[in-house]
Structure formats: C-alpha cells, structure tokens
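Read through the structure below, which is laid out as structure tokens, and then see the notes.
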Amino acid sequence: MRYFIGLDLSPANKLALDNWREKSLPELPRVKMPLNTKAPVRQPRPVPAANFHITLCFLGSVTPRQLEAVTERLAEVTSQPFELSLDTTGFWSGPKIFYVGPEQVPEPLSELAAKATAAARQADIAVEKRDYQPHVTMIRNVKADFPPPLFPPSVVCQFSRFHLFESVSTQSGVTYPIRQSWPLRNTNSVREKLLRGNF
C-alpha cells in the first residue's frame, strides 16, 4: 500500500488547469494518447485531470500499524484554510515532469506541509528531507527541450481540507483515491491569540 498526504483540487480548478494545458501547449495534443495505449517510454504523457493534486508529504509503502499511527497524528493537526495561486511553471530533470506551481508559497501551506511531515516521522515513516516545493504535475516523461507554454497559468485555489491519498495501479493507469480527510480550521488557543496580539 502506497500513500501520500496532500490537497485535492476542486473540479473547477482541475478543469481550468486542463483547459490551460490544451491552449498553452499546442504541441501536446499531438502526443496525447489513450491511457491503455502502449506509448514509447520517452514520450510525454499528460497527467489525467482527475489526478491533479498537491502533495504535502509522500509516505510511500507503509504498514497497517504505521498507517494507523499516522492517521491518529494527522487528526491532531491544526492549520488554517488558505488560498493558493497556481501562476508559474517549471521542469524537473530528475523525475522528468512539467508542473505548475505558485510564485509565492503562502505560510499556512508551508506550515501544513511541515506538520504533515512531522506526523509521518512520529509514526516511524521515513520521509525524505528536502525543501518543500508545492506543485501540480501536468506532464510526465518530459525532456529539457520541451517547449515552454505560450502563456502562464492563472488558477486560484481555495483549500479547507487535507487528505490521505492511496496510489492505486489499474489497467487504465494510476488513480489516487482519498482514504481519509481532515478539516483545516483556525485555532483559537490562548497561546496563539497572544502570539497574534489578539489579547
């Protein structure tokens, strides 16, 4: 069982990103193929819009005991809802992906990712140590000479929940069903009110 903690985009946001991809990358439809078609390994593969998400912390393969432990700790996470603007693009040569992401990362998102990572480590799950870079993977198997988009994305997302996703391989491709969810809510502890100068 392979899992990750993340954010799910709304149907409207997924549609907006999919439309942007079609219009801003005119060469992409030429290589677009059905999921069950055997394409060359190096051929760019658009990610299905249904799979668009933002990872907070990748867990990988976990045991039932670890899964129970991490869900208990995630239930204790408190973080406020936030808005995120997907307004820039990039390419990572390691995983060979083309992605969209935010020019500015809101503090609540960085804090939520840090808390999700801490919950995983408290559950004895080994997670990679790396700077957090939120993104939505749009295309896989991309080479460095992949043409840039004609114009940048401009999609504003609102997040009020975070989720535990499972990565499931099927005959038609990978899917990411949500297995559990938790709300994002403002905390009202006396300590945080003091820190914010509300008293």
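Values computed for the structure shown
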{"quantity": "Inter-residue pairs, beta-carbon under 8 Å, first within 11 Å of ILE5 (Cα to Cα) and of a type in the set (Asp, Glu) and in the stretch 165-177, second open to solvent by less than 60 Å² (accessible area, probe 1.4 Å) and in a strand (DSSP E or B), 6+ apart", "calculated": "GLU166/TYR3"}
{"quantity": "Residue that is nearest to PRO183 (Cα to Cα) [pool: residues in the stretch 82-98 that are surrounded by 14 or more Cβ atoms within 10 Å (Cβ to Cβ) and not hydrophobic (A, V, I, L, M, F, W, C)]", "calculated": "SER85"}
{"quantity": "Unmet criterion (only one of (1) modelled with pLDDT of 90 or more; (2) under 30 Å from SER93 (Cα atoms); (3) open to solvent by less than 50 Å² (accessible area, probe 1.4 Å); (4) over 15 Å from the mean Cα position of the chain (by Cα)) for PHE146", "calculated": "(1)"}
{"quantity": "Unique residue being open to solvent by 40 Å² or more (accessible area, probe 1.4 Å), under 18 Å from HIS53 (Cα atoms) and modelled with pLDDT of 95 or more when the list is SER169, SER154", "calculated": "SER154"}
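This table checks each residue for (1) open to solvent by 30 Å² or more (accessible area, probe 1.4 Å); (2) polar (S, T, N, Q); (3) at pLDDT below 95; (4) in contact with a helix residue (DSSP H, G or I) (Cβ under 7 Å, 6 or more places away or on another chain).
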| residue | (1), (2), (3), (4) |
| --- | --- |
| GLU68 | yes, no, no, no |
| LEU74 | no, no, no, yes |
| VAL100 | no, no, no, yes |
| LEU112 | no, no, no, no |
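The values are calculated or read from the model by the stated rules, or taken from the named source; none is laboratory data. For clarity, every value in this text was computed on a predicted model and none was experimentally measured. A quick note on method: Cβ atoms are made from the backbone with ideal geometry, for glycine too, and the neighbour counts reach across all protein chains shown. In case anyone asks, the SASA skips ligands and DNA or RNA and just uses the protein heavy atoms, side chains included. Shrake-Rupley method; radii C 1.70, N 1.55, O 1.52, S 1.80 Å.
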